[in-house]
Each structure stands twice: as structure tokens, then as C-alpha cells.
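Structure first, then comments.
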Amino acid sequence: MSKNHNSTFDTAERVELRRDVTIWGSYTWGYADVGADIYVALGLVIGAAQGGAPLAFALAGLVYIMIGLAFTELASSYPVAGGGHYYSLRGLGDFAGFLAGVALLLDYTIDIALFATASTGYINFFLPYLGIRLQDFAVAFGPFQNINLLWLGETMAMITFLRWLNVRGIRESSRVNEVLGLVDLIMEMSVVAFGFVLAWRPELLVQQWTLEFPMPRQFMYGFSLAIISFVGLESISQAAQETRRPATVIPRTSIALIFTVFILALGFSTVGLGILPWQEFRAHEADPVAYLASHIPYLGVVAGPFAAFLGATILFISSNTGVMGDSRLIFSMSHFRLVSRWFRHVHPKHRTPSNAIVGFGWVGIVLTIIAFLTPRVLDTLANLYAFGATFGYMLVFTSLIRLRFSDPYTPRPYKVPLNIKWKRKDGSAVEVPVLGFLGLLGVSSIFLTVIITHEIGRIVGPAWILICLLYYVIFRRRSGLPVLGSVSHDWEQEQIDVLTSAEEFDLVEEYKQALIHRDRARGIKSRWSEES
Amino acid sequence: MPQHPFGKAQGRPLPPPEQFTAADIIHIGLGLTMIPLGVAILVRTLSIAVTVTGVLVGGAFIAFGAHRLWIAWSRYRLYRQGKREKAR
């Protein structure tokens, strides 16, 4: 009874979430999220990978393309906002669903701290115009040197403001995302294009490539950091939940989005190293895109401040995505009884999950303060971001592979290319995703690199997972639920509810027919046949 | 019948476009920008030295630009086909 009730509640909630997001709207929405990463990653990756930065971006980008294709298949087959957590839950059970969920929670929380810090970093681009020097606000407390109180204060104020906005239920509309995504796309393209035409010196790029290529360990560090320029693919599944006919729209938008972001990451690093020496990016890792834009002849006077303004805005929205992502994810985890019901508390007046928003907002503030105590604040946060993202993506690939075997009946409007057909003993056929295995290998190698080279990530990341696991064990035992096993879920009904709310009626029929066919082959009466 | 720009993998056909949209401008604009940029990157870097970066980035720009233009062209063919069917 309670299951039916939950199912009805979920469907109602999903129907409520559906908006008329078009193909173009879905693309620009995704771009407003993933496209913002380059504003943070450019300085950090060039600072780490030096003359080899374009190669670091390219290698990480190839893995990212495979991750993107996996997300495209999963998001169009299971158009639910939970993203990696939901796919792991479906494919691997409650325990893996929890692990993927906490990795994503870490990422969303870091997202709040990292993007708020980066956003204020771009705001600080304007301080010299006001005659203010940011360095004047740096202080030392005992062993902690160079703590910038102004920047820290701005970041904390921004996170507090975001918490307030979200508790009150104020969020940007799809239209705002569309406009910002489009303006950002045009701006980024213009910086790359005009940079190449007016300022690019290939001899500088070649010189840095040949004479300033980093040592292998340093290059690996840069390569593993480069993955953060592509994080945000969860927005594909988020968009799936809020799009009508996601099976038609999602494959088209996400593939275009994946390649645009990849090309721009390559473009920025190549044009950047052909205009400025890598050391200058390291010195300006808080506002690298604005700094680069300000060095384009003729246009720099306008392009620099405009890029800084746009960077601050789009990073502010990305930080907000973290607050929203945290609250939605924990809400979903609570629904599947992976965490306490306390997280599902809804504000009596504003009808928003206030406990989750305020709680994770505080975690974001604490992480920001800790990061400001380290020598390089953005680098510290990026370390943690890379850990959470790669850990979550490993589980996404595993789920993709597992779901091909455990749930071959769900219609897949898009399939990751390169599949080998395998006929099982019961006569059913499974398409084994070769690219899924390659992607798992690629993302595992980045995860391993993060563990080897990220001094902070390898301690704080696993510590976060362990603390959450401890909580999970206590919570599940107290609730009388299995720790390693799973609570039974009616996934078939759930899938039909999801597809129905997405108005994918032909897929509902296709799914039902596949289930009837399966039941007939097993010699049992199907609950989905017309007669029953 | 012209194939959809994203190939068969996505399977589900979209209705033919009914008008020229902002998305088409972006497709054409990106295509026309990326191809000359890619050629410039290839020519200028290769004239100095053969580097992985030059070949990779230049090639990727040209491929991406060609893909954008192909999408715009396919949409135009779908539009023409839709118009013909309407007229019939």
C-alpha cells in the first residue's frame, strides 16, 4: 500500500516538474551548466599541465565523451532527475545507489563552494578599477599563510544568499538559463575565434609544448584536474526530468553539448598557450578567461570586463545548481530509504526541502573556510571535485553495463555505440557495450591518478565516503533494513510511471510488450497483458 | 529521404523544421567559424613544427565545423521535404 502511495506521489511530483523544455532550451540549459566549468578549470589545468595543457584537456575530454554518451543512454532510457545515484540504484542495488549518491553529494557540495569562490574571483577582476588591491586583505593565522579575508567573506556571503534564495523557493527560470547559455556560448566562441585571429602566436604554443612540457607526475595531475572542465553532465538527466518527450530530445541535445564543450576546452587551452605563457595563467587562476580575453588586441578593453561579468554570473548559477542538486538528490535518497526522512522535511510556508538546503549550505561554508586555509583555494576545491566526480562516474559506467544485462527490456532510444550482441541461454539477447568498458577503464585511470597525485583529494574524499558509510550502516540497522542488500522496489511500475509522465506513450507500449514477451518465454502470466 | 544528422542510433525522427531558427544560425555560424580556424591552426602550427596539439586541435575544429554545417544542411533538406509533402 505504502509503495503504491509513494509511486503515485512520485508520479505527481514528476508531472509537476515537467516543463516545455525544447531541444534548443535543453542544449543551452546544459551549456549554462557544463560550459561554466572552463572559467574555473582553465587556470588550474594550465597551471598544472603547463605546456602540455591542450593534451591534458584532450585526453580528459576523450574520457568525458564516453561519460557523456553513457549519460545520454541512461538519461533517455530513465528520464529521472536522480542521475548517477538513480542509475546505480537501479543497476546495482541500494548500497551502490547510496555510494553513488554520497559521491554526488560531495560533488554538489564542492560545487557550491568551488563555483561561489570562482564567481567572487571573477567579481574581484573589477577591484583594480575601483583602486582596491585584493592582496591587501591577505592575513596570516599561525601556520596558515595568505588567507584572503575579503574573498572569503564574499564567498560566504554568496553561499548564504543562495541558501536563502533556495529556501524561499526562488530559482532561475529555463528562459534565464537559455539566454545565459546562449550569451556564454557566443562569448566563449568569440574569445577563441578572435584570440586565434588577432593574437595567437603558434611559435609560443610550440615553444611551450617542446620546452615547458611538465614532468609525468605533474602532467598526470593536470590531466586529472582537466576532468573538472567537463563536470556537470548530471544536468543532462536533470533536463531529462523537465523535458517533454525526453527520449526524442535528450540524445540530440546532449551529443551536441558534449562535442561543443570538448571543442571549446581544446580551443581555450590552445589559444591561451599561444597568447600567454602558462605562468601567467597560474598567477591568474581566479579569473583566467577574463584575463585571456583582456589580452586580445582591440577587443580586450571590452572583452575582459565582459568575460569577467559573464563568468561571475554563470558561475553564480552553477553554484546555485549545487544547492539545488544537493537538495533534490538527498530528497531522492530519502525516498528510497537510503538516508533519514529528516532530510525530506519540507518548509511549511515555502514548500522547499529546507533542512537539506540549510544543512548542505553549512557544509559548503565549512569546506570553503577549510579551502581558504590552504595555499591555493581553488586547487584544493578542484582536488575534491575531481575525486567525487570520477568516483560517481565509475559507478555510472558500472550501472550502464549492469543495466544492459539486468534490464534489457527498457526501451533505449539511444545506445552507446560499439556493442557486441550476446545471446543468453534463455534465448534473450544482450548488447554488451564495448565503449562502456573502455569508459570504465578511462575514468578508473583518472580516479587512480586523483588518488596518486591529489594530496588533499585522496584523504578528504575517502574520509567523506567512510563517514557517510558509517551513517548508512547505523541508519539501515536502526530502520531494520539490509545494509548490503536492497529493499524490494517495483521498478517495472516505476518505469511505466516515469515514461507516462514524460509523455513517451509509444515507449510505454514498447516496454509493456517486451515484459509480456519475457513473461511468455518464462511460461508465466504477465501482469502487463491486456487480459490481466 | 535525407537521413537525420544524428544518424540512426537515435532512431526517433523529429518533425521537419518549419522555419529558420536561432539554432540554425548558430549551427551555420559555428560551422563557418570552426573550419577556417581549424585550417589556420593546422597550417600555422605545422609550418613551425609537427606537434600533437596542432594536429589534434586543428583536426577537431575542422571536424566539428563540418558536422555543424552538415546538421544545418540536413535540417534544410528536411525542411524542403516537409514543404513538398505539405504541398502534396
TODO: Using the structure shown, decide if A:Ala240 is touching a Pro at 6+ places or on another chain (Cβ under 6 Å), within 10 Å of another protein chain (Cβ to nearest Cβ), at pLDDT below 95 and buried (at least 24 other Cβ atoms within 10 Å of the Cβ).
DONE: no
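Quick check on A:Gly91: is it crowded, with 24+ Cβ neighbours inside 10 Å, modelled with pLDDT of 90 or more, more than 14 Å from chain B (Cβ to nearest Cβ) and farther than 23 Å from A:Ile263 by Cα?
Against the criterion (crowded, with 24+ Cβ neighbours inside 10 Å, modelled with pLDDT of 90 or more, more than 14 Å from chain B (Cβ to nearest Cβ) and farther than 23 Å from A:Ile263 by Cα), A:Gly91 qualifies.
Can A:Glu172 be described as acidic (Asp, Glu) and either touching a Phe, Trp or Tyr at 6+ places or on another chain (Cβ under 8 Å) or modelled with pLDDT of 95 or more (or both)? It would help to see each step written out before you state the result.
Values: acidic (Asp, Glu): yes; either touching a Phe, Trp or Tyr at 6+ places or on another chain (Cβ under 8 Å) or modelled with pLDDT of 95 or more (or both): no.
Considered against the rule, which asks whether it is acidic (Asp, Glu) and either touching a Phe, Trp or Tyr at 6+ places or on another chain (Cβ under 8 Å) or modelled with pLDDT of 95 or more (or both), A:Glu172 comes out as no.
Here's a check for you: in region A:402-435, which residue that is part of a helix (DSSP H, G or I) and not basic (Lys, Arg) is nearest to the other protein chains (Cβ to nearest Cβ)? Steps first, answer last, please.
Taking region A:402-435 and keeping what is part of a helix (DSSP H, G or I), we get A:402-406, A:434-435.
Then keep just the ones that are not basic (Lys, Arg); that gives A:403, A:405-406, A:434-435.
Details: A:Leu403: 18, A:Phe405: 20, A:Ser406: 22, A:Val434: 14, A:Leu435: 12 Å.
Looking at residues that are part of a helix (DSSP H, G or I) and not basic (Lys, Arg), I get A:Leu435.
Report yes if A:Phe262 is of a type in the set (Phe, Trp, Tyr) and in contact with a Gly (Cβ under 8 Å, 6 or more places away or on another chain), otherwise no.
Criteria met by A:Phe262.
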Open item on the list: Here are the criteria: (1) free of Cβ contacts under 8 Å to residues at least 12 places away in the same chain; (2) touching a helix residue (DSSP H, G or I) at 6+ places or on another chain (Cβ under 9 Å). Tell me which single one A:Leu470 does not satisfy.
Closed with: (2)
Open item on the list: Every residue in region B:30-50 that is of a type in the set (Gly, Ala, Ser) and facing chain A (nearest Cβ under 7 Å), please.
Closed with: B:Ala40, B:Ala49
- [ ] Look through A:Ile227, A:Ile258 and report the one residue that is at pLDDT below 90 and under 25 Å from A:Gly84 (Cβ atoms).
- [x] A:Ile258
Open item on the list: Looking only at region B:66-85, filter to residues that are away from every other protein chain (no Cβ under 11 Å) and of a type in the set (A, V, I, L, M); which one of those is farthest from B:Glu18 (Cα to Cα)?
Closed with: B:Ala66
TODO: Search region A:244-265 for residues that are closer than 21 Å to A:Tyr39 by Cα and pair each with any residue that is aromatic (Phe, Trp, Tyr) and surrounded by fewer than 22 Cβ atoms within 10 Å (Cβ to Cβ) when their beta-carbon atoms are under 9 Å apart and the residues are at least 6 apart or on different chains.
DONE: A:Ala256/B:Phe6
Task: Selection from region A:432-471 of residues that are out of contact with any Pro (no Cβ under 8 Å at 6 or more places or on another chain) and closer than 30 Å to A:Ala521 by Cβ - done: A:Val432, A:Pro433, A:Val434, A:Gly436, A:Phe437
- [ ] Would you check if A:Ala70 is at pLDDT 90 or above and either farther than 27 Å from A:Leu499 by Cα or more than 22 Å from the chain's Cα centre (by Cα) (or both)?
- [x] no
Open item on the list: When you check A:Thr352 against the structure, is it in a helix (DSSP H, G or I) and out of contact with any strand residue (DSSP E or B) (no Cβ under 9 Å at 6 or more places or on another chain), yes or no?
Closed with: no
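So, A:Gly461, is that one in contact with a Gly (Cβ under 8 Å, 6 or more places away or on another chain) and loosely packed, with under 13 Cβ neighbours inside 10 Å or not?
Spelling it out, it is not the case that A:Gly461 is in contact with a Gly (Cβ under 8 Å, 6 or more places away or on another chain) and loosely packed, with under 13 Cβ neighbours inside 10 Å.
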- [ ] Considering only residues that are at pLDDT below 95 and within 14 Å of chain B (Cβ to nearest Cβ), look in region A:31-50 and name the one that is nearest to A:Asp287 (Cα to Cα).
- [x] A:Gly35
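Could you list, in sequence order, the residues of region A:335-365 that are among the β-branched types (Val, Ile, Thr) and farther than 19 Å from A:Leu165 by Cα?
A:Val339, the sole residue that qualifies.
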- [ ] Answer yes or no as to whether A:Ala283 is more than 9 Å from every other protein chain (Cβ to nearest Cβ), out of contact with any helix residue (DSSP H, G or I) (no Cβ under 6 Å at 6 or more places or on another chain) and under 21 Å from A:Ala53 (Cβ atoms).
- [x] yes
- [ ] Please verify whether region A:429-438 includes one or more residues that are touching a helix residue (DSSP H, G or I) at 6+ places or on another chain (Cβ under 9 Å), surrounded by 13 or more Cβ atoms within 10 Å (Cβ to Cβ) and acidic (Asp, Glu).
- [x] yes
- [ ] Mind listing whichever residues of region A:202-218 are at the interface with another protein chain (Cβ under 10 Å from one of its Cβ atoms) and among the acidic types (Asp, Glu)?
- [x] A:Glu203
Task: Considering residues of region A:479-532 that are surrounded by fewer than 16 Cβ atoms within 10 Å (Cβ to Cβ) and basic (Lys, Arg) only, the residue modelled with the highest pLDDT - done: A:Arg520
Task: Any helices (runs of 4 or more DSSP H) falling wholly within region A:243-309 and containing at least 3 residues that are buried (at least 24 other Cβ atoms within 10 Å of the Cβ) - done: A:246-273, A:288-293
- [ ] Check region B:51-65 and report whether any residue there is more than 8 Å from every other protein chain (Cβ to nearest Cβ), under 16 Å from A:Val192 (Cα atoms) and crowded, with 19+ Cβ neighbours inside 10 Å.
- [x] yes
TODO: Can you confirm whether region A:337-345 contains a residue that is in contact with a Leu (Cβ under 9 Å, 6 or more places away or on another chain) and either outside any helix (DSSP H, G or I) or at pLDDT 90 or above (or both)?
DONE: yes
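The values are calculated or read from the model by the stated rules, or taken from the named source; none is laboratory data. Computed from a prediction, not measured in an experiment: that's the story for all the values here. Neighbour counts are summed over all protein chains in view; Cβ atoms, including those assigned to glycine, are modelled from backbone coordinates with ideal geometry.
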